[in-house]
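Participant: Before we start, here is the structure in question, set down as structure tokens.
Read the figures in this text as sums done on the coordinates, not as results from a lab. What you see is a predicted model; the values in this text were computed from it and never measured. We place every Cβ from the backbone using ideal geometry, glycine too, and count neighbours over all the protein chains shown.
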Amino acid sequence: MPLPLDLPGTALIWWMTGGGLILVGVVIFAAGVGNFSRAATPVPGNQPVRTLVTTGIHGWSRNPIYVGMSFVYAGIGIAARSPWIFILALPLAITMRYVIVTREEAYLERRFGDAYRVYKARVRRWL
């Protein structure tokens, strides 16, 4: 069911805002993946982590890849002028936070112990 978020003459603003968020999201995502690559640590969460990455964008956010993906998702929703993307964002965010991130944080705490706890106390989970 379409629920257009459209006012006459605002299409360019929607596209520019959405495109800007997509661009920011891609940059954040790429910075997070680049940090992992430089540290020779795999990005997929189902592979063992080789090192704790705490520098670069990971010094600002413990989950920059998820933050980047969320910005891209929001940008698509704004550019498409679809409130359904934002309605579906709530269960997505809850699943990401309480299933995926919780599992990853528990794994990192077991794997790196106090080093991860210090990092966790110093750097925010999202932004």
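Participant: How big is the dipole moment of the range 1-110 about its Cα centre under a simple scheme where the beta carbon of each Lys and Arg is +1, that of each Asp and Glu is -1, and everything else is neutral? Debye, nearest 20, please. Spell out each step's value before the answer.
Facilitator: Numbers: 7 positive and 4 negative charges, 48 e Å.
For the range 1-110, the charge dipole is close to 220 debye.
Participant: Additional query: Excluding Gly113 itself, calculate the net charge of residues whose Cβ lies under 14 Å from the Cβ of Gly113, where each Lys or Arg counts +1 and each Asp or Glu counts -1.
Facilitator: Local charge sum for Gly113: +1.
Participant: Work out how much length Trp60 to Ala106 would gain on full extension: take 0.36 nm times their residue separation and subtract the Cα-Cα distance, in nm to one decimal.
Facilitator: Numbers: separation 46, 0.36 × 46 = 16.56 nm, distance 1.99 nm.
Here the answer is 14.6 nm.
Participant: Quickly work out the Val26-to-Trp84 label distance, labels modelled 7 Å from Cα along the C-beta direction, and quote it in nm with one decimal.
Facilitator: 2.5 nm
Participant: Next question. Work out from phi, with θ = phi - 60° and the Karplus expression 6.51 cos²θ - 1.76 cosθ + 1.60, the ³J(HN,Hα) of each residue of the range 25-34, listed in order in whole Hz, and give x for Gly and Pro.
Facilitator: x, 5, 5, 5, 4, 5, 5, x, 5, x
Participant: Oh, and also: For the chain, which longest stretch is free of loop sites, where a loop site is one of the trypsin sites (Lys or Arg not before Pro) that DSSP puts outside H, G, I, E and B and that has at most 16 other Cβ atoms within 10 Å? Spell out each step's value before the answer.
Facilitator: Details: sites that count: Arg50, Arg124, Arg125.
Segment 51-123 is the longest.
Participant: To continue, here is another question. Of Val99, Gln47, Ile22, which is farthest on the positive side of the dipole of the chain, counting Cα position, with +1 on Lys and Arg Cβ, -1 on Asp and Glu Cβ, and the Cα centre as origin?
Facilitator: Gln47
Participant: Across every pair of different alpha-carbon atoms, what Kirkwood hydrodynamic radius in Å does the range 48-108 reach?
Facilitator: Values: mean 1/r = 0.0761 Å⁻¹.
One decimal place: 13.1 Å for the Kirkwood radius.
Participant: Now a separate question. Per DSSP H run of n ≥ 4, the term is -39500 (n - 2.57); total these for the chain, divide by its residue number, and report the mean residue ellipticity at 222 nm rounded to 500 deg cm²/dmol.
Facilitator: Details: 5 runs with 78 residues, N = 127.
Estimated from H runs of four or more residues: -20500 deg cm²/dmol.
Participant: Now for a different question. Of Leu108, Leu23, Leu92, which is the most mobile in a GNM of the chain whose springs link Cα atoms less than 10 angstrom apart?
Facilitator: Top of the fluctuation ranking is Leu92.
Participant: Let me ask something additional. Averaged over every viewing direction, what's the projected area of the C-alpha convex hull for the chain? Give it in nm², one decimal, please. Write out the running numbers ahead of the final one.
Facilitator: Working: hull surface 34.1 nm².
Here the figure is 8.5 nm², rounded to one decimal.
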